[in-house]
1. For the stretch 130-141, give me the residue count where each residue is in a loop (DSSP other than H, G, I, E, B), under 12 Å from the mean Cα position of the chain (by Cα) and either on the phi > 0 side of the Ramachandran plot or surrounded by 21 or more Cβ atoms within 10 Å (Cβ to Cβ) (or both).
2. Report, by residue number, each residue of the stretch 69-83 that is within 21 Å of residue 159 (Cβ to Cβ) and either part of a helix (DSSP H, G or I) or open to solvent by 10 Å² or more (accessible area, probe 1.4 Å) (or both).
3. List, please: which pairs have Cβ atoms under 6 Å, are six or more places apart or on different chains, and start with a residue in the stretch 8-27 that is under 26 Å from residue 180 (Cα atoms) and end with one that is open to solvent by less than 40 Å² (accessible area, probe 1.4 Å) and of a type in the set (Lys, Arg)?
4. What residue, of 297, 302, 264, 310, is farther than 21 Å from residue 220 by Cβ, in contact with a strand residue (DSSP E or B) (Cβ under 8 Å, 6 or more places away or on another chain) and either in the same structural domain as residue 205 (by the TED database) or modelled with pLDDT of 95 or more (or both)?
5. Kindly indicate the residue of the stretch 37-56 that is open to solvent by less than 20 Å² (accessible area, probe 1.4 Å) and part of a loop (DSSP other than H, G, I, E, B) and also nearest to residue 6 (Cα to Cα) among those meeting that condition.
6. Scan the stretch 214-241 for residues that are crowded, with 24+ Cβ neighbours inside 10 Å, part of a helix (DSSP H, G or I) and among the β-branched types (Val, Ile, Thr) and jot them down.
7. Go through the stretch 84-129 and give me each residue that's touching a Pro at 6+ places or on another chain (Cβ under 6 Å), crowded, with 20+ Cβ neighbours inside 10 Å and outside any loop (DSSP other than H, G, I, E, B).
8. Within the stretch 1-36, track down each residue that is open to solvent by less than 30 Å² (accessible area, probe 1.4 Å), farther than 16 Å from residue 160 by Cα and charged (D, E, K, R).
Amino acid sequence: MKTIQFREAIAEAMSEEMRRDESVYLMGEEVAEYNGAYKASKGMLDEFGPKRVIDTPIAELGFAGIAIGSTMSGNRPIVEYMTFNFSLVGIDQIINNAAKIRQMSGGQFPCPIVFRGPTGSAGQLGATHSQAFESWFANTPGLKVVIPSNPYDAKGLLKSAIRDNDPVIFMESEQMYGDKGEVPEGEYTIPLGVAEIKREGTDVTIVSFGKIIKEAYIAADELAKDGISCEIIDLRTVRPMDREAILKSVKKTNRLIVLEEAWPFGNVATEITYLVQSEAFDYLDAPIIKINTADTPAPYSPVLFEEWLPSSKDVIAAVKKVMYK
């Protein structure tokens, strides 16, 4: 094993897949000459050249369409958005073309493409740069949605996403690119659609994904001091969702908290809540609690932002509530 940064895990995954398959290429704003806005493609232009690592204009709709069209001639593009907030400019191509090509062509044209970049908030970036759209994309048939929370998962999941024959939305975080973690020296992949129990527990299940799961770890450490054992599940892939992992855990702990960095209406936590109440209702000893951001655009003020974003304190309060303590 070696210890590398999240950004290095992303770069390794892309580089290894580009060496393995000449049909894989990377395009996006500043991915080439600048080595990526977050240095997640460092050194790739030097190795693969400007035909496979392509700087684009600030025109997300245009280069998303070019990349999607290229899949129909045998390519496997990786499209980097500087932030998924900018993907809204190209969302017509993602939703109306990438997600539907296979069905509308009667299976003649798969669409093996990865759209990747940072999601969610990253501090004081304002309301239009602090949004989490996982549930938007997961709501679309034809798209797979992946949100890793550490370097090991990021590399293994990205390699699987690049090899997948369907369009994959691969969402990272600006606040995780510097995170360090152990990654194997050799080849490995992680299958899409498989959650992982990050911590075993007996009293309450906490389901989360992406960078906000760190707040669950902090909360679990504090709750352990009070003798409360938390089981933490990292979804890793929102769609397809590992339903069995969630249900199995809830049937063991009998309590569920869902922690998600997203607005509270109609999100991933809502889907999980419906799943559990419909298929494991008799196992619940307390109502399910979902923890989300406030139902407003993200504030710029650091004081208001701290109140807007879910925290470990929110998780601790929710766990104690379902434990009736």
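The values are calculated or read from the model by the stated rules, or taken from the named source; none is laboratory data. This one's a predicted model, so the numbers in the text were calculated from it and none came from an experiment. Every residue, glycine as well, gets a Cβ built from its backbone with ideal geometry; the counts of neighbours run over all protein chains shown. Just the protein is used for accessible areas: all its heavy atoms, side chains included, with ligands, DNA and RNA removed. Shrake-Rupley method; radii C 1.70, N 1.55, O 1.52, S 1.80 Å.
1. So the count comes out to 1.
2. 70, 71, 74, 75, 76
3. From the stretch 8-27, the pairs are 9/155; 12/155; 13/155; 13/159; 17/159.
4. It is 264.
5. Among those residues, the one meeting the criterion is 40.
6. Scanning the stretch 214-241 gives no hits.
7. Correct list: 98 only.
8. 29
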